[in-house]
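Worksheet: one structure, shown below.
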Amino acid sequence: MKKIVVLISGRGSNLEAICKSGLSKHIECIISNNPNAKGLDFAKIYKTPSAIINSKLINNKELFEKQLIAVIDGFTPDLIVLAGFMKILSPEFIKYYQHKIINIHPSLLPAFKGKQAQLDAYNAKVKVSGATIHLVDELVDNGAIIAQGVVDISKCCDDSEVANNILELEHVLYPFVIKQFIQGKINFANGVVQSQVQASDFEELGELKQHIFI
Ligand code: GRF
């Protein structure tokens, strides 16, 4: 059975969606760099081990990552899932887990990188935005694109409406992609994304299948 570790920093709504979709049995550990992350509640709810490595108490990045590696390696995961993890990881860390770390970003990358992707999309008056799941490499919001979900934001009145609409799709996209990985239908072990996801696999998404691209 494939094993995953999820890294969070805050709310954890993507983590909740992943757990709710039946994937919690694959989660070996939920790790937060923030002891007050609301997302840690889901470790209790879904009876998943959790760990806190308080980045505020360890103001040395190397030491912080050393501790993170010690915890992660204890679980030998096949996949490390960043779900609202707000620490930028060093190139050394990323190299250590090469082609094993994925992230979700609330825009159609490579457009609107950075922390205010939804606001930037709103201000740019683009008609569609969405979410991207990508392999993590040493550049921020970069790395091979695994999947994207497209959202109509043409009628949104402000950036929070944009964010909410995208988040709703994230909650479908992230579990779906992780599930395909677990089932061996998506592979990126050599850094190149290969997908054997079939049209029939999208059926479970109902109407949303038209918005998701792998
Ligand atoms: C999401 O918008 C995700 O795209 C971004 O951080 C946010 C995390 O939200 N990387 P949550 O903690 O999963 O609710």
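So, in nm, how far is label residue 160 from label residue 208 when the simple model puts each one 7 Å beyond its Cα toward the Cβ?
2.3 nm
How many nm is it between the label spots at residue 45 and residue 111, if each spot is 7 Å from the Cα in line with the beta carbon?
Going from the residue 45 label point to the residue 111 one covers 3.2 nm.
Between segment 101-157 and segment 9-71, how far is it from one alpha carbon centroid to the other, in angstrom?
Cα centroid to Cα centroid, the span is 23 Å.
Give the Cα extents of segment 1-75 along the principal axes, in whole Å, largest first.
So the extents along the principal axes, rounded to whole Å, are 36, 26, 16.
In straight Cα distance, which lysines are under 20 Å from residue 155, not counting same-chain residues fewer than 8 positions off?
Within the straight-line cut-off, residue 155 pairs with 125, 127.
Counting only the backbone N, which residues of segment 106-129 are under 16 Å from the spot 7 Å out from the Cα of residue 152 toward its beta-carbon?
Only 126-129 fall inside the zone, counting backbone N under 16 Å.
Find which of 102, 50, 14 sits farthest along the positive direction of the dipole of the chain, computed with +1 on the beta-carbon of Lys and Arg, -1 on that of Asp and Glu, about the Cα centre.
Result: 50, furthest along the dipole toward the positive end.
Evaluate the charge dipole of segment 46-106 about its Cα centre and quote only its size in Debye, nearest 20, assuming +1 on the Cβ of each Lys and Arg and -1 on the Cβ of each Asp and Glu. Please report the intermediate quantities before stating the final value.
On the way: 7 positive and 5 negative charges, 33 e Å.
In total the dipole reaches around 160 debye.
Taking only C-alpha pairs under 8 Å that are 6+ residues apart, what is the relative contact order of the chain in percent?
Numbers: 382 pairs, mean separation 37.9, N = 214.
Computed value for the chain: 18 percent relative contact order.
Pairs of Cα atoms under 8 Å, at least six residues apart: use those to get the relative contact order of segment 155-214, whole percent.
Details: 23 pairs, mean separation 11.7, N = 60.
Relative contact order, segment 155-214: 20 percent.
On a straight-distance basis, which lysines could pair with residue 100 in a cross-link, Cα separation under 22 angstrom, same-chain partners fewer than 8 positions away excluded?
2, 3, 25, 61, 66, 87, 113, 179, 185
None of the figures in this text is laboratory data; all of them are computed from the coordinates on show. Computed from a predicted structure; not experimentally measured. With ideal geometry, Cβ positions are generated from the backbone for all residues, glycine too; neighbour counts draw on all protein chains shown.
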